[in-house]
Every structure is written in structure tokens, then in C-alpha cells.
Amino acid sequence: MNAQVKIAGQEPGLLGLGSVLIGSLPATLLTETAPERYTVEAVFTRKTDRDEVAAIEGDKTRAYLSAHGFPTVELHVADRRLEIANTNLEELRDGLGAVLATLLAEISTALRTERMFAADRYEQATHREQERAAAVAALAESVSFSGEPPRSPDDDEARIADWNEEGGAVRG
């Protein structure tokens, strides 16, 4: 059994296509009654995620295929298969296969980049929140309910520095 395990911090490889599913082809191929255009099913090199499926089946993909000379081709994801409609094996062999390989690699790369930026934004927001929480805690500690005079802001800075040195702040 070939199971795909997601390991934290590891991205899967670029999405690609492995082979054509022979059993899905019309039985009349290479005969006089063979259809000119039909659906060809190809197997993905790994399981797709929902963002990849949305991109593959989206309007940008249709525009991409049209711009590369394949305006009638339609793509649909079904499990681990890509259904390539309104094409034929010759068209795939003569250029559409390479266009699809490039398209899938570009989709994988773009999604990976988006996810990296989102993770970076999350990390920055977390850091800002930790700094804010530390400042709130320091301010709350500076409140006195005694008759003593208020502490100076320099005391607060020293207390924050002590707090950071004691492990109160996450180190990056």
C-alpha cells in the first residue's frame, strides 16, 4: 500500500501526472470508428489537496489552456485522476502533456508560496501579540493600590527585560 503521510513542516513534492489510464480510453481507438476527441484520464503523482483542485478546475486554468492553444480542453479532478476532456492521445503527446505538466508545477509552486507567506504573517502576528501581552502585563503590574508613589517607566522597562530573561518571552 502506498500511503501519503503528511509530516509537519514538510511540503509534498510538486503535483504532476504519472501515466494515462489505458482502461479509460475508448475501445475503438485506432479504428475507423474512433472518436476524434474524447476524455483521457491520467494519474496524479500524489493526492491533490482542495486548493489544488480548485485551481485546476478554475477559470485561470481555462484561460491558461486557451492561451497555450488548447481552448476546448477541460480539466476535472476525480480522486487521484485528472480527467482531460475534449482531447486525444496525439494532442497530449504533441504538446498538451507538457503544457499540463508546466501548469501543475506552477499551481503547486504558487500555492506553496502563498502558504509560506501566510505562515510568515501568522508568525509575525503571534510575535506582535506576545509583545502586546507582555506590555499589558507590565502595565497591569505597574498599577499600585498602596500609598506609594508610582514607579517610573524605566522600572517597567527593567521589569520587562527581567521577564524576557526569565523565559517569559518566546525566543525565535
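How many percent of the alpha carbon pairs in the stretch 1-126 exceed a separation of 22 Å? List each step's numbers first, then the result.
On the way: 3280 of 7875 pairs.
Result: 42 percent of Cα pairs exceed 22 Å.
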### Sequence of D94, D49 when ordered by accessible area, the most exposed leading, probe 1.4 angstrom
D94, D49
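Find how much the distance from E90 to A27 grows on full extension, using 0.36 nm per residue of separation minus their present alpha carbon separation; answer in nm with one decimal. Intermediate values should be presented prior to the final figure.
Working: separation 63, 0.36 × 63 = 22.68 nm, distance 1.60 nm.
My answer for the length gained is 21.1 nm.
Out of all Cα-Cα pairs in the stretch 63-158, roughly what percent, to the nearest whole number, are more than 17 Å apart? Working shown, then result.
Numbers: 3182 of 4560 pairs.
Roughly 70 percent, rounded to a whole number.
Using a 1.4 angstrom probe on the protein heavy atoms only, line up K47, K60 by accessible area, largest first. Don't jump to the answer; show the numbers that get you there.
Working: K47 125, K60 180 Å².
Solvent-accessible surface, decreasing: K60, K47.
Give me the mean projected area, in nm² to one decimal, of the convex hull enclosing the Cα positions of the stretch 33-93. Don't skip to the end; give the middle numbers.
On the way: hull surface 18.0 nm².
That works out to 4.5 nm².
The values are calculated or read from the model by the stated rules, or taken from the named source; none is laboratory data. Please read all numbers here as calculations on a predicted model, not as lab measurements. Ligands, DNA and RNA are excluded from the accessible area calculation, which covers all protein heavy atoms including side chains. Shrake-Rupley method; radii C 1.70, N 1.55, O 1.52, S 1.80 Å.
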